[in-house]
Amino acid sequence: MAHEVTQGPAGAPGRLGAAEREPEPGPESAHEPEHWPLGRLLGAASRAVERAWYEALEARGLTHAGLIVLHFLELGFDSQSDLARAAQVEAQTMSRTVDRLEREGLVIRTPDPADRRRHIVSITERGHAAFEAVRGLEDEVFPTVDDPAALRAALIQIVSAAPARPPR
């Protein structure tokens with residue numbers, strides 16, 4: 001049964017009313033995802049997708065953090081500090097990720113001639129090739145999603161509504 005989300009104040013999504021909810025299932029249906037609370041369903045989906053992404057990236061010699069850095073470099077970011085801010089991670093975390101990518105020949109890091117404290121990170125040809133190799137991963141990770149654009153739109157809506165958190 002599909003649920004309609006009611007509109008709350010100022011068009012914000014509301015909660016399902018008691019009359020709109022399905023009856024509570026019995027213990028025999030505890031393992032059936034269609035009866036799970038939305039939070040459990042989202043958590044399970046998140047873990048399943050993370051696992052699939054991890055395995056697909058690992059098969060291509062990448063990590064999720066490495067893919068994020070390559071993506072930001074493709075977008076034009078070039079300093080390690082800007083990469084850390086964009087990825088919302090601490091500078092030390094970004095440094096470890098860039099170290100690994102550099103060891104694997106996917107990026108090069110050079111001191112900024114104008115500011116020796118700053119490092120310029122550049123993607124190598126091998127890094128470009130690795131990034132291109134994962135462009136079609138969504139089709140591999142989500143082969144059974146009927147409407148990937150609708151899923152993407154819903155996830156963007158959820159993430160955009162969440163309060164921004166500074167890096168830990």
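Since every read-out is calculated from the coordinates, none of them should be taken as a lab result. None of the values given here were measured: they were computed from a predicted structure. So basically every Cβ, Gly included, is an ideal-geometry build from the backbone, and we count neighbours across all protein chains shown.
Worth pointing out:
- In this structure the amide hydrogen of Arg118, modeled in the peptide plane, comes within under 5 Å of the amide hydrogens of Asp112, none closer than 5 places in sequence on its chain.
- Cα-centred dipole magnitude for region 32-168, charges only on beta-carbon of K, R (+1) and D, E (-1), debye, nearest 20: 700 debye
- ³J(HN,Hα) computed for each position of region 82-90 - Karplus, 6.51 cos²θ - 1.76 cosθ + 1.60, integer Hz, glycine/proline x: 5, 4, 4, 4, 5, 7, 6, 10, 5
- Using θ = phi - 60° in the Karplus curve 6.51 cos²θ - 1.76 cosθ + 1.60, the 3J(HN,Hα) couplings for region 49-54 round to 5, 4, 4, 5, 4, 4 Hz; x is entered for Gly and Pro.
- In this structure, the amide hydrogen of Thr124, modeled 1.01 Å from its nitrogen in the peptide plane, lies closer than 5 angstrom to those of Val107, Ile108, counting only residues at least 5 positions away or on a different chain.
- Dividing the mean sequence gap of close Cα pairs (under 8 Å, 6+ apart) by how many residues region 62-139 holds gives a relative contact order of 32 percent.
- For Leu62, Leu151, order by how many other beta-carbon atoms lie within 10 Å, fewest first: Leu151, Leu62
- Highest mean first, the peptides 157-164, 66-73, 129-136 sorted by other C-beta atoms within 10 Å per residue fall in the order 66-73, 129-136, 157-164.
- Annotation: extensible slack from Arg100 through Ala30 equals 20.9 nm (criterion: 0.36 nm per residue apart, minus Cα-Cα distance).
- Alpha carbon centroid spacing (whole Å) that separates region 63-110 from region 121-168: 16 Å
- Remark on Ser79: its backbone amide H falls under 5 Å from those of Val121, a criterion applied only to residues 5 or more positions apart or on other chains, H modelled at 1.01 Å from N.
- Karplus 3J(HN,Hα) series, Hz, for region 135-147 with 6.51 cos²θ - 1.76 cosθ + 1.60 (x for Gly, Pro): 4, x, 4, 4, 5, 6, 6, 10, x, 9, 7, 5, 10
- For a label point 7 Å along the Cα-to-beta-carbon line of Arg60, residues of region 101-132 with backbone N under 18 Å: 101-102, 104-107, 123-132
- All distinct Cα pairs of region 34-168 go into the 1/r average, and the inverse of that average, the Kirkwood radius, is 16.7 Å.
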